Amino acid sequence: MQKIRNYINGELIEPFDKQYIDNYNPATGKVYSLIPDSDEKDVKLAAEAALAAFPKWSVTSKEERSRILLKISELIERDIERLAIAESVDNGKPVALAKMVDIPRAASNFHFYATAILHYSSESHAMEDVAINYTLRNPVGVAGCISPWNLPLYLFTWKVAPAIASGNCVVAKPSEITPMTAYLLSELCIEAGLPKGVLNIVHGHGHKVGSAITSHPKIPLISFTGGTKTGAEIARVAAPMFKKLSLELGGKNPNIIFADCNFDNAVKTTLNSSFANQGQICLCGSRIFIERSLYEKFKTEFVAKTKAMRVGNPADGNNKIGAVVSKAHMEKILSYIELAKQEGGSILCGGHQLKMEGEFSEGYYIAPTVIEGLPYNCRTNQEEIFGPVVTLTPFDTEEEVLMYANSTQYGLAAIVWTENLTRAHRVANLLHSGIVWINCWLLRDLRTPFGGVKSSGVGREGGFEALHFFTEPKNVCIKLK
Ligand code: NAD
C-alpha cells in the first residue's frame, strides 16, 4: 500500500514515530494509502528546517523566486491528468471537475504569485520638504499554512504560493482527509529545484500537527482555511502569542433570485452553485431565496434538473456528482436532512444516501437534496451543512430577503440574480458578505480580495492582500534637513 511521506528539509521522510493513519477512497469506502500520523516532533523538525532556510531564501532575488515558482506551476500543468485522478480518488470529486477547476487553479496560484511579486511595490509618504517616509515590506519568517479537504491542492497552494513567493519559509499541513496531492506537490517542488527547507509539509491530524504549528513559538504567522470552530481554537492559541492570523472559515451563503432574472441562466448556474463538488465548496449557495411570483416555476424546473443529475463513480464523465468526502461527513449531512424534516421541511427530491453497485457499494453517496417549507431562522437554514443540500424559500420584498440573507452568523459569499442594474448595485452594497456575485457564480479574478465577514473569517487572501499578509511593513522616516 502506498505510504505518503512528510516533506522536510527537501527530503521525503517517514514520520518520527513511524505511525500511520488509514487513507480512504470515498468512492469505494476502502483504505487505499497510508498517511503519516505526525506530531509535534515532526513539526519541530520542519520548523528548524524552515528557520535554517529563511536567511538565504528571504534575500534570494524575486526574479529567482519567480523562476522557481513558475517551474512548479509548469510541472503541475504537465501532470494535470495524474493530479486530477489523485484528487478525485482522495476526495470523491468527479475527475472532470478536478481537471477543469482544482488542478488548473493550483497551477495558476503559483503562476499568479510568481508574477505578482515582480509587480509588487511599497508605499512612500513625502512630508513636503521636511522628511520622506518609505515602507519596507520584508518577509516575516516561517509561516504556518493549514488547509481543508474540500479543494485540497487548490486551497493548499493558495496559501503556500504567496508565502514562499514573498520570501517566507513554510511549515504546511494539508487536511489528513485529503493529503495525496500535497504529497505529489512535494515531489514536484523537489523536481523544480525549490531549495531545501523553503517548503515543509507535515501530514497528520489537526489536533496533533495543526495545533503544534499554531502553538510553535518560532512560527509567527498562521494562514488557516477550514471550519469556524477550528478557526476559533487557532485564534485562542495564537492570540496571546501575538501571531499574525488569516482565517478563512465557514459559510451559509444566500442565493437570491429576483423575478426579473434571466431564468435559464439562473437555473443552470444555481444547479452548479448548489451541487458542485457535492455542495462541499465554502462558496456554494445553500439557501435559495426566490421572489414569490417566480417561485413555482423556478422550483419545478430546478427540482426536475436536480433529479436528472447523475451521481456515482467520480471517474465516469457522465456523473456530475461524486462521493462526499468521508463516512463521518456523510452521516453529518444525513443528520441535517433528518433535522430539516423534524423542523417541518418537505423533501422535494433526494433526502437519502445512494447505494451503488459493485466496487462502489461501500462509497459515500448522497442524492442531491432540495427542501422547502422551512423558516429562514431554523437550524437547517442557519448552520453550515456543507453537502448537496439546499433549501428553497419564497420572498415578497427586497427588504425581507436582505433580512433573511443577512440573518446567519456567516458572511462569506452571496449570489444575486436580477436584470435590474440599480437593484443589483443596491443589494450588493447591503449584503453582509465578503464576496457578491451578480448573475454568476465562482467567477474568480485572483487579484480581488477574497474572504468573509462575521464568523466566516478574518483577513483577506488574493492579489496583493496576501502579499501584505505575508510581509511585515516597516516605515523608514528620513529627515531631509
Ligand atoms: P477543519 O476545520 O476540520 O480542518 C481544516 C484544517 O485544520 C485541517 O487541516 C485540520 O487537520 C486542521 N485542524 C483541525 N483542528 C486543528 C487545530 N486544533 N489546530 C490547528 N489545525 C487544526 O475543516 P474541514 O472540515 O477540513 O473543512 C471544511 C470547512 O472549511 C467548512 O467549514 C468550510 O466552509 C471551510 N472552508 C472555508 C473556505 C474559505 O475560503 N472561507 C474554503 C474552504 C473551506
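Of note:
- Subset of the range 224-262 [among the aliphatic types (A, V, I, L, M) and surrounded by fewer than 23 Cβ atoms within 10 Å (Cβ to Cβ)]: A232, A235, V237, A238, A239, M241, L245, A259
- Identity of the residue in the range 196-223, small (G, A, S), buried (at least 22 other Cβ atoms within 10 Å of the Cβ) and over 19 Å from the mean Cα position of the chain (by Cα), that ends up farthest from E14 (Cα to Cα): A212
- Those residues of the range 106-134 which are within 31 Å of the chain's Cα centre (by Cα) and either exposed (fewer than 11 other Cβ atoms within 10 Å of the Cβ) or touching a residue at least 60 places away in the same chain (Cβ under 8 Å) (or both), in sequence order: A106, S108, N109, F112, Y113, A116, I117, H119, Y120, S121, S122, E123
- Matching residues in the range 312-328 - criterion: being within 24 Å of the chain's Cα centre (by Cα) and either surrounded by 22 or more Cβ atoms within 10 Å (Cβ to Cβ) or without any contact (Cβ under 8 Å) to a residue 12 or more places away in the chain (or both): N313, P314, I321, G322, A323, V324, V325, A328
- For the range 239-247, the criterion of being under 20 Å from H432 (Cβ atoms) and either at pLDDT below 95 or within 7 Å of the ligand (Cβ to nearest atom) (or both) is satisfied by no residue at all.
- Identity of the residue in the range 351-367, touching a helix residue (DSSP H, G or I) at 6+ places or on another chain (Cβ under 7 Å) and open to solvent by 10 Å² or more (accessible area, probe 1.4 Å), that ends up nearest to V89 (Cα to Cα): Y364
- Residue that is more than 16 Å from the ligand (Cβ to nearest atom), more than 22 Å from R423 (Cβ to Cβ), touching a residue at least 40 places away in the same chain (Cβ under 8 Å) and in a helix (DSSP H, G or I), where the choices are N265, N272, N277: N272
- Filtered residues of the range 424-462 (kept if open to solvent by less than 20 Å² (accessible area, probe 1.4 Å), assigned to a loop (DSSP other than H, G, I, E, B) and touching a helix residue (DSSP H, G or I) at 6+ places or on another chain (Cβ under 7 Å)): L431
- Residue within the range 442-457 that is touching a strand residue (DSSP E or B) at 6+ places or on another chain (Cβ under 8 Å), within 20 Å of G285 (Cβ to Cβ) and away from the ligand (no atom under 15 Å from the Cβ) present: yes
- Flag for A466 being assigned to a helix (DSSP H, G or I) and open to solvent by 10 Å² or more (accessible area, probe 1.4 Å): no
- Of the numbered criteria (1) open to solvent by 10 Å² or more (accessible area, probe 1.4 Å); (2) touching a Ser or Thr at 6+ places or on another chain (Cβ under 8 Å); (3) in a helix (DSSP H, G or I), the one L153 fails is (1).
- Pairs with Cβ under 8 Å, 6+ apart, first in the range 80-92 and farther than 16 Å from F360 by Cα, second outside any helix (DSSP H, G or I) and of a type in the set (A, V, I, L, M): I85/A315
- Scanning the range 335-350 for residues that are loosely packed, with under 13 Cβ neighbours inside 10 Å and assigned to a helix (DSSP H, G or I) yields a count of 3.
- Condition check for N377 on (1) over 22 Å from Q280 (Cβ atoms); (2) assigned to a helix (DSSP H, G or I): one failure, at (2).
- Unique match (being over 21 Å from P152 (Cβ atoms), assigned by TED's automatic domain parsing to the domain that holds V59 and without any contact (Cβ under 8 Å) to a residue 40 or more places away in the chain) among A239, A259, A235, A172: A239
- Selected residue (criterion: farthest from Q382 (Cα to Cα)) from residues of the range 412-464 that are within 23 Å of the chain's Cα centre (by Cα) and among the charged types (D, E, K, R): R447
- Apart from one condition, I435 fits all of (1) under 22 Å from A106 (Cα atoms); (2) more than 11 Å from the ligand (Cβ to nearest atom); the exception is (2).
- Conditions (1) more than 16 Å from the ligand (Cβ to nearest atom); (2) aliphatic (A, V, I, L, M); (3) in contact (Cβ under 8 Å) with a residue 24 or more places away in the chain; (4) open to solvent by 60 Å² or more (accessible area, probe 1.4 Å); number of the one not met by L421: (3)
- Yes/no for R447 being basic (K, R) and more than 30 Å from L221 (Cα to Cα): no
The values are calculated or read from the model by the stated rules, or taken from the named source; none is laboratory data. Everything numeric here is computed off the predicted structure, so don't read it as measured data. As a convention, Cβ positions derive from the backbone with ideal geometry for all residues, glycine included, and neighbour counts pool all protein chains shown. When the accessible area is computed, the model is the full protein with side chains, heavy atoms only, and any ligands, DNA or RNA have been set aside. Shrake-Rupley method; radii C 1.70, N 1.55, O 1.52, S 1.80 Å.
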